[in-house]
Amino acid sequence: MGYRSDVAYTIRFVDDHDEKNKQSFYTFLAEAKAKAATAPCFGELGWAEFEIDEARFRINFACDDVKWYETYADVKCHEALIELADEWANQGDGDNEPHTGIAYKFIRIGEDTNDVEEKTSDLADYEWLQLNRSISRDW
């Protein structure tokens with residue numbers, strides 16, 4: 001059976017100028033598709049839940065009840081994509097300024113109630129992904 005998790009993340013380009021978003025978005029995609037660690041997300045290891053939203057300059061992923069083991073190749077590529085987004089959000093443009101406009105949010109919740117992992121960039125909006133727990137009942 002194995003331990004299961006629910007996982008979701010979004011990577012967004014949120015600059016005030018759409019032309020900057022477009023350029024950054026396609027540059028990010030090109031870099032991600034060219035890197036050995038992240039390229040599998042866009043190929044045979046990509047999941048149906050992986051969406052590239054070119055109209056809004058976003059990458060979205062959500063998957064429920066999945067074995068999210070760090071040793072699995074498909075998990076490694078998604079983790080590497082979040083790391084790449086983090087690098088972009090924190091690296092300088094030449095004047096030691098972070099890239100403007102890139103933001104991401106990642107949440108993984110496991111079966112155990114205290115097993116929660118969150119990664120969020122500075123520009124991310126709280127409302128993009130939210131963790132909610134609920135009670136299920138059989139009556």
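The values are calculated or read from the model by the stated rules, or taken from the named source; none is laboratory data. A quick note: this is a predicted structure, and the numbers were derived from the prediction, not measured. Don't worry about glycine lacking a Cβ; one is built from the backbone with ideal geometry, like all the others, and counts go over all protein chains shown. Surface areas here come from the heavy atoms of the whole protein model, side chains and all, with no ligands, DNA or RNA. Shrake-Rupley method; radii C 1.70, N 1.55, O 1.52, S 1.80 Å.
Protection proxy ranking, highest mean first, for peptides 122-128, 72-78, 102-108, 10-16: 102-108, 10-16, 72-78, 122-128, where packing is the per-residue count of other beta-carbon atoms within 10 Å, averaged. Going by a ≥ b ≥ c, the root eigenvalues of the Cα gyration tensor, does segment 32-84 fall in the rounded group (a/c under 1.5), the prolate group (a/b larger than b/c) or the oblate group? Oblate is the answer for segment 32-84, as a/c is 1.5 or above yet b/c matches or exceeds a/b. Computed from Cα positions, the angle between helix 73-90 and the longest principal axis of the chain comes to roughly 40 degrees.
Counting Lys and Arg as +1 and Asp and Glu as -1 over every other residue whose Cβ lies under 9 Å from the Cβ of L84, the net charge comes to -3.
Helix 18-34 and the longest principal axis of the C-alpha atoms of the chain enclose an angle of approximately 70°. Which net charge results for the neighbourhood of F25, defined as the other residues with beta-carbon distances under 14 angstrom from its beta-carbon, given Lys and Arg at +1 and Asp and Glu at -1? Here the count lands on -1.
Segment 99-136 and segment 1-34 have Cα centres spaced 15 Å apart. For A73 and K35, what is the calculated FRET efficiency with R₀ set at 22 Å and r taken between the beta-carbons, to the nearest 0.05? Taking R0 as 22 Å, the efficiency between A73 and K35 is 0.95. Heavy atoms of the protein chains alone define the surface here; on that basis the chain has 62 Å² accessible area per residue at 1.4 Å probe size. May I ask you to compute the full-extension gain from E51 to D138, defined as 0.36 nm times their residue separation minus their alpha-carbon distance, rounded to one decimal in nm? In short, 27.9 nm is gained.
Report the percentage of all Cα-Cα pairs in the chain whose separation exceeds 21 Å, rounded to a whole percent. Tail of P(r) above 21 Å: 44 percent of Cα pairs. Nonpolar atom fraction for segment 1-60, defined as the carbon and sulfur part of the 1.4 Å probe accessible area, stands at 48 percent.
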